[in-house]
Amino acid sequence: MQRREAIAFLGLGTGIGVAALLIGCDADAGPASPTEPDASGDDPSSPDASTPPGTTPDACVGPTILMHDTNAQALYLDGSFGPLTGNIKVSYVVAGQTLTLDFWHGHGGTQHRFTLEPQHFEKLKAGQKVTLGTTTVDGHAHTLFIDPKDEHYRVPGAPDVPVQLAC
């Protein structure tokens, strides 16, 4: 069953729709099909059969990737590299929640800050470099990037951590 068909099927009935959606995600998941109809007369191998009470089809599980804590690279106003700034922990990426961190410096007691949002974490999980700006302090802002693939930015001693992706 195609995912699109499973979603369209969802409106027909709660028991049927949930079973179709989850089975549509992994056609090999779920109990083996008996050869005889159940007591209600429904053929359990039919795509219209509901999930038996007390059972749940397996949830979708995507691939596992390895990630490590990564330093963000600050850029000076001319585009040259500044110091490393901010430890982007794997736990932040897995949580995927909006997070604001301090940049490496500020002015007059006010720090530049940068904010990572869920779409940034999704890009990092996909192995993509993320570039973003800081808050404006003392009339200027900075740019920084996070490169999850370049080993130069690995936090020293940071282990590889398996991260399970959703399907």
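The figures follow:
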quantity	calculated
Exposure ranking of 154, 113 by accessible area [1.4 Å probe, largest first]	113, 154
Relative contact order for region 82-167, counting Cα pairs under 8 Å that sit 6 or more residues apart, in percent	21 percent
Length gained when the stretch residue 100-residue 138 is fully extended (0.36 nm per residue, less Cα-Cα span)	11.8 nm
Gain on full stretching of the segment that runs from residue 123 to residue 152 - 0.36 nm per residue minus C-alpha separation	8.6 nm
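The values are calculated or read from the model by the stated rules, or taken from the named source; none is laboratory data. All values reported here derive from a predicted model rather than from experimental measurement. Areas reflect the complete protein model, heavy atoms only, side chains present, ligands, DNA and RNA absent. Shrake-Rupley method; radii C 1.70, N 1.55, O 1.52, S 1.80 Å.
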